[in-house]
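Worksheet: one structure, shown below.
The values are calculated or read from the model by the stated rules, or taken from the named source; none is laboratory data. Just so it is clear, the model here is predicted, and its values are computed rather than measured. Cβ coordinates were reconstructed from backbone atoms using ideal geometry, including for glycine residues, and neighbour counts include every protein chain displayed.
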Amino acid sequence: MIHPVPEIHCWYQNTEDLSWFEVVAVDDHAKTVEIQDQEGAIYEYDLSSWHLLPLTPVAAPEDWQNCFELCKEDMEDQDHTIVPENWSGSLNDIEPASLLDLEDF
C-alpha cells in the first residue's frame, strides 16, 4: 500500500473511523505532522505514526469553513487597519499640561 505524503492544506480521510482532517503543518526537523479536524481540534503525529494511519486523500468538504466559523464577510478586507487620527487620545484629558511642567524630585 502506498501511503500519502502529508501535504499542507490537503485533506485526508481516516478509513477506519471515517474522520476527515486537514494537514496544517509539517515539521521536517522534528518529523511531525499537525492536523486539524472538522471540529477545529489540532492534533500532532510523528511521521512514523502518520505512516501507520489508514488514510486516503480527499477533496476538502464543501462546508469546511463552518467549523472555523468563517463567512465571506470575515474574508473581506483582511488588510484593513483602523488607525486613529489622534494618537494621544484621552491622555491629554488625564494628564493636563500643567503637570508636565513639574520638576522631578
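Residues that are loosely packed, with under 13 Cβ neighbours inside 10 Å and acidic (D, E) within the stretch 23-43 comprise D27, D28, E39, listed in sequence order. Taking the criterion of being modelled with pLDDT of 90 or more and either surrounded by 11 or more Cβ atoms within 10 Å (Cβ to Cβ) or of a type in the set (S, T, Y) (or both), would at least one residue in the stretch 73-91 satisfy it? No, the conditions are met nowhere in the stretch 73-91. Filtering the stretch 4-43 down to residues that are in contact with a helix residue (DSSP H, G or I) (Cβ under 8 Å, 6 or more places away or on another chain) and in a loop (DSSP other than H, G, I, E, B), which residue is nearest to P54 (Cα to Cα)? In this case the residue turns out to be P6.
Mind counting the residues in the stretch 9-22 that are surrounded by 11 or more Cβ atoms within 10 Å (Cβ to Cβ) and of a type outside the set (F, W, Y)?
Restricting attention to the stretch 9-22, the residues satisfying the condition of being surrounded by 11 or more Cβ atoms within 10 Å (Cβ to Cβ) are 10-15, 19-22.
With the extra rule that they be of a type outside the set (F, W, Y), the set shrinks to 10, 13-15, 19, 22.
The number of residues fulfilling the criteria is 6.
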